[in-house]
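Reading through the C-alpha cells given below for one structure.
The values are calculated or read from the model by the stated rules, or taken from the named source; none is laboratory data. Owing to the predicted nature of the structure, the values given are computational and were not obtained by experimental measurement. Cβ sites come from the backbone with ideal geometry, for glycine too, and all protein chains shown count toward neighbours.
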Amino acid sequence: MSTVTEAPPTTEKKPHATEAGNYFVSNYPPFSFWKPEYVSALESVMQKPAPTDVPLGVYFHIPFCRKRCHFCYFKVYTDKNAAEIRAYINAGMKEMARFAASPYIAGRKAQFVYFGGGTPSYLSTPQLHELTSRMKDLVPWDEAEEVAFEAEPGTLNEKKLECIREIGVTRLSLGVEHFDDHILESNGRAHRSGEVDRAFKFARTLGFEHINIDLIAGMMNETEEKWKFAVQRAVELGPDALTIYQMEVPYNTGIYQQMKAEGKVTAPVADWETKRRWVSYAFDEFVKAGYTVTSAYTVVKDPNRIKFVYRDSLWNGADLLSCGVASFGHLGGVHYQNQADVGPYMQLIDADKLAIFRAYQTNAEEQFVREFILKLKLGSFRPQFYIDKHGTDPRQFFGTQLDWIVKEGFGAWNGDVFTLTRDGLLQVDRLCHEFFLPQHRQYARYT
Ligand code: SF4
C-alpha cells in the first residue's frame, strides 16, 4: 500500500452555515464511484463458495411512510395500498430467494438482521408475520445476535408492538426526532410526542433487549429552550441508547426544494457550530444520568450489555445481503445498491433479474481506508489493530492527516491510543473526508 501524502489536509475555514448537501459519511468509497458496469463483480461473488469466517447480515428495506418529512432524502412512498405492499414483499422475497440459493449465501445463517426504511413499522401485523417467516425460511435467524427494527412512533399500537416482539426483534429503534409537537409538525413528521410516550412505555413492558431513540439536533424552528426540553424528556424516558443526528439538508429534500424556489443558499436550520453544541449538551446531560458516549452519535446506558451489532459488524467488513428498493449491500468485498425506484425494481425482479443499479469492487487498500474512516466515528483507535488486520500502520499511512488533527485540537495521542476530542468527535464526518484516498477526494461530498 502506498502512503497518502500527496494531498495535505484541507485547511479551509470551518463550515458554519448549513448549506445544501450531504454531510454524513455512511460508506466508502463514495457512492459516486459505484457504477452500473461493475454489477458483474457481484454476480461473480455470488458464484464463489460461501466463506467460513465472514459474518452475514440480512437487511430488508421497507420504503413506505405515512407522510414524507420535509428533511427526508430517501425515496419513500406514502400512497401504496395493501395489494401494492403485498406485491412489493413478494418481489423482495423473490430477490432474497435468488441470493439465498447462490453458492456464496446458501447454508449460511444470519448473525444480524436489520429492517430499515422508510418505515418498517408501517407494515400491518399480518404483513410483518408473513414477511419475516418467509425471510427466516430463506436465511435462518435462529443464531442472530441482533434483530433491529426501525419504527415510527405513530404507527405503533399495542398489537403492532407485540407482533414486532414476537417476530424476534431485539433492538427497537424509535424515530422520535423531537418531543415538541410544533417542531414535529413544522418539519413534516407524522407523529406527535404523546404517541412517543405511549409507544415507549408499552415497548418497555414487552422486554425488548435494546430500545434506542433517535433525536435530530437542529430541525427547523429549533431553539435552545426546545432542544433542552427534548433532551430532558429523552433522559426521563431512559432508553437503552440514544442516537443523535445533526440536521443536514441534502438536495433531494423538501427543505432544499423550498430553498431553491426562494433562491436561498443557507438552509433554514441552525448552523453547524450550534448543532454541535446542542449534541454536546445532550451528551453531557446523558453522562450526568449515567450514560456513556460510545460514538459521535450515541450514548449508551450500559455499554457492556448494549451493543450495535449491525453497525459494528458492517464496519468490520461483514457481508450484508440487502434486499428491497434502493437498499445498500456488501458481499465479498463488493458494494452494491439496488434500483432506487419501485417500478424498475419490481420489473427487474419480475423478469428474473437482479435489481442492482450500481456496484463497486473494493481492493485491499480501500477496505483498510473504509474501516479506518468508519471506525473513527467511535472516537478512538489503536494502530496495532490495523497492523494486525490490514498490514498497514495508520501512523504512517495517514501521518499527515493525524498530525493535522492534533494540530487543530481535534484529537491527541495517549501512548498508543489516538482519541478524538469532543470537538473532533462532533465533526467527525467532516474529518473523515480528509482520509479519503486522493482519487476519491474530488468527489468527497456524498451524493
Ligand atoms: S419517516 Fe423517515 S423515511 Fe419516512 S419520510 Fe420521514 S425521514 Fe423519510
With the requirement that a residue be in contact with a helix residue (DSSP H, G or I) (Cβ under 7 Å, 6 or more places away or on another chain), closer than 23 Å to V293 by Cα and not in a loop (DSSP other than H, G, I, E, B), what does the stretch 353-385 give you? E371, F372, I373, L374, K375, L376, F381, P383
In the stretch 70-90, how many residues are within 13 Å of the ligand (Cβ to nearest atom), out of contact with any Gly (no Cβ under 7 Å at 6 or more places or on another chain) and not basic (K, R)? 6
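More than 22 Å from G254 (Cα to Cα) and more than 24 Å from the chain's Cα centre (by Cα), is that true of E95? Give the derivation first.
Values: more than 22 Å from G254 (Cα to Cα): yes; more than 24 Å from the chain's Cα centre (by Cα): no.
Judged against the criteria, E95 is not a match.
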Looking at the stretch 141-155, can you tell me whether even one residue there is away from the ligand (no atom under 16 Å from the Cβ), at pLDDT 95 or above and crowded, with 22+ Cβ neighbours inside 10 Å? yes
Of the conditions (1) within 24 Å of the chain's Cα centre (by Cα); (2) in a helix (DSSP H, G or I); (3) in contact (Cβ under 8 Å) with a residue 40 or more places away in the chain, G116 satisfies every one except a single condition; which number is it? (2)
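For the structure I just gave you, tell me whether E43 is touching a helix residue (DSSP H, G or I) at 6+ places or on another chain (Cβ under 6 Å), in contact (Cβ under 8 Å) with a residue 40 or more places away in the chain and more than 16 Å from the ligand (Cβ to nearest atom).
Details: touching a helix residue (DSSP H, G or I) at 6+ places or on another chain (Cβ under 6 Å): no; in contact (Cβ under 8 Å) with a residue 40 or more places away in the chain: yes; more than 16 Å from the ligand (Cβ to nearest atom): yes.
Answer is no for this residue.
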Only one of T292, T298 is touching a strand residue (DSSP E or B) at 6+ places or on another chain (Cβ under 8 Å) and surrounded by fewer than 17 Cβ atoms within 10 Å (Cβ to Cβ); which? T292
Inspect all residues belonging to the stretch 23-34 and state whether any of them is more than 15 Å from the ligand (Cβ to nearest atom), buried (at least 17 other Cβ atoms within 10 Å of the Cβ) and more than 30 Å from E273 (Cβ to Cβ). yes
Residue check: is G168 over 17 Å from the mean Cα position of the chain (by Cα) and at pLDDT 95 or above? yes
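Name the residue, out of R198, R171, that is buried (at least 24 other Cβ atoms within 10 Å of the Cβ) and away from the ligand (no atom under 16 Å from the Cβ). Step through it out loud before you land on a result.
Working: R198 fails: buried (at least 24 other Cβ atoms within 10 Å of the Cβ).
Being buried (at least 24 other Cβ atoms within 10 Å of the Cβ) and away from the ligand (no atom under 16 Å from the Cβ) holds for just one of R198, R171, which is R171.
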Run down G411, G399 and say which single residue is touching a Gly at 6+ places or on another chain (Cβ under 8 Å) and within 21 Å of L437 (Cα to Cα). G411
May I ask you to say which residue of G343, G424 is exposed (fewer than 15 other Cβ atoms within 10 Å of the Cβ) and either not assigned by TED's automatic domain parsing to the domain that holds P63 or not in a loop (DSSP other than H, G, I, E, B) (or both)? G343
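Restricting the stretch 101-130 to residues that are of a type in the set (A, V, I, L, M) and surrounded by fewer than 21 Cβ atoms within 10 Å (Cβ to Cβ), which is farthest from the ligand (Cβ to nearest atom)?
Of the stretch 101-130, the ones of a type in the set (A, V, I, L, M) are 101, 105-106, 110, 113, 123, 128.
Adding the requirement that they be surrounded by fewer than 21 Cβ atoms within 10 Å (Cβ to Cβ) leaves 101, 106.
Details: A101: 31, A106: 32 Å.
Once the filter is applied, the top-ranked residue is A106.
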Test E37 against the criterion of being more than 15 Å from the ligand (Cβ to nearest atom), at pLDDT 95 or above and exposed (fewer than 12 other Cβ atoms within 10 Å of the Cβ), and give yes or no. yes
When K13 is run through (1) at pLDDT 95 or above; (2) outside any helix (DSSP H, G or I); (3) more than 16 Å from the ligand (Cβ to nearest atom), the failure sits at (1)
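Looking at the stretch 46-74 only, could you name the residues that are in contact (Cβ under 8 Å) with a residue 60 or more places away in the chain and under 21 Å from K94 (Cα atoms)? Walk me through how you get there before you give the answer.
Applying the first criterion (in contact (Cβ under 8 Å) with a residue 60 or more places away in the chain) to the stretch 46-74 yields 46, 48, 51, 54-63, 65-74.
Within the stretch 46-74, M46, K48, L56, G57, V58, Y59, F60, H61, I62, P63 meet the criteria.
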